[in-house]
1. I need the full set of residues from the stretch 105-131 which are among the hydrophobic types (A, V, I, L, M, F, W, C) and buried (at least 20 other Cβ atoms within 10 Å of the Cβ), in order please.
2. Residues to consider are LYS199, LYS175, LYS130; find the one that is basic (Lys, Arg), under 20 Å from VAL87 (Cα atoms) and either touching a strand residue (DSSP E or B) at 6+ places or on another chain (Cβ under 6 Å) or touching a residue at least 24 places away in the same chain (Cβ under 8 Å) (or both).
3. Can you tell me which residue within the stretch 164-186, out of those that are open to solvent by less than 20 Å² (accessible area, probe 1.4 Å) and either among the aliphatic types (A, V, I, L, M) or in contact with a helix residue (DSSP H, G or I) (Cβ under 6 Å, 6 or more places away or on another chain) (or both), is farthest from GLU216 (Cα to Cα)?
4. For residues that are over 19 Å from GLY166 (Cβ atoms) and in contact with a strand residue (DSSP E or B) (Cβ under 7 Å, 6 or more places away or on another chain), scanning just the stretch 81-104, find the one that is surrounded by the most Cβ atoms within 10 Å (Cβ to Cβ).
5. Let me confirm something: among ASP137, ASP189, which residue is under 18 Å from LYS81 (Cα atoms) and either open to solvent by less than 70 Å² (accessible area, probe 1.4 Å) or not aromatic (Phe, Trp, Tyr) (or both)?
6. Consider only pairs whose beta carbons are under 8 Å apart and that are at least six residues apart or on different chains; among these, list those whose first residue lies in the stretch 99-113 and is closer than 17 Å to VAL87 by Cβ and of a type outside the set (Lys, Arg) and whose second residue is open to solvent by 80 Å² or more (accessible area, probe 1.4 Å) and assigned to a loop (DSSP other than H, G, I, E, B).
Amino acid sequence: MKFKIFSLLLASGLILAACGNDDSDDKKDNKGAEKTEQKTQDDNKDDMDDSNNDKDSNDDQTNDDDSDDQNANKSTTNTVKWNDVKVSPEEAVKEAQNEEKGELKDLSFEKEAGDWSYKVELVDGSNENKVLINADDKSVANVENETEDDDDNDQTFKLSDVAKFGDVLKVAQDKAKGDLKEWSLSEDDGKLVYSIDLKEGNKDTTEFKIDAKSKEILEQEQD
């Protein structure tokens, strides 16, 4: 009888031990699965972070490229090749003098309201007339009339008295590369001077002051 009871207790212990081992194995398996799942999630997160970083890097590079392109386009639209200008300075002055009376005091060429234009300043007695001539079709874009002050410099000149602008431009472009940004012709310290701005792409503007008669370079600097 005692032997049977002992056998039953021993069998029960073995069963409980087996169940305990099974539970332990299940816990180990579950824990291992959780670790595997967590590692997979971490790996996926790392992959997503890498992907986002790559995307951000590509976006930054694209934005930089777009910015460079925009700057380059802007620089191109703000300069012009002199050979592409259809109206000559002589034609612009003649057209201005057909519109208003006066002798030539100042002549400039620049982009005005989106169009390349000549600004012709004429002096008629005490009156100063500013005429804006479109450099593409010689049309009169604007006219301003003012009364000069007594202390204003009213020295006038004729284009035939100075070197042609095209020849002076060649002198400047022999020293610095670039297309034309703007230019002017006026009296400066008792002499007639061409002021010429050249620009190449996104580089600094090169500014010249050149004697309008001798074509000597008086000043050259970058801005």
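The values are calculated or read from the model by the stated rules, or taken from the named source; none is laboratory data. Please read these numbers as outputs of a predicted model, since none were measured by experiment. Here the Cβ is made from the backbone with ideal geometry for all residues, glycine too, and neighbour counts use every protein chain on show. The accessibility values were calculated without ligands, DNA or RNA, using every heavy atom of the protein model including side chains. Shrake-Rupley method; radii C 1.70, N 1.55, O 1.52, S 1.80 Å.
1. Listed by number, the residues that qualify are LEU107, PHE109, VAL120, LEU122, VAL123, VAL131.
2. LYS130
3. This residue is LEU180.
4. Among residues in the stretch 81-104 that are over 19 Å from GLY166 (Cβ atoms) and in contact with a strand residue (DSSP E or B) (Cβ under 7 Å, 6 or more places away or on another chain), the one surrounded by the most Cβ atoms within 10 Å (Cβ to Cβ) is ALA96.
5. Values: ASP189 fails: under 18 Å from LYS81 (Cα atoms).
Answer to the check: ASP137.
6. These pairs meet every condition: LEU104/LYS158.
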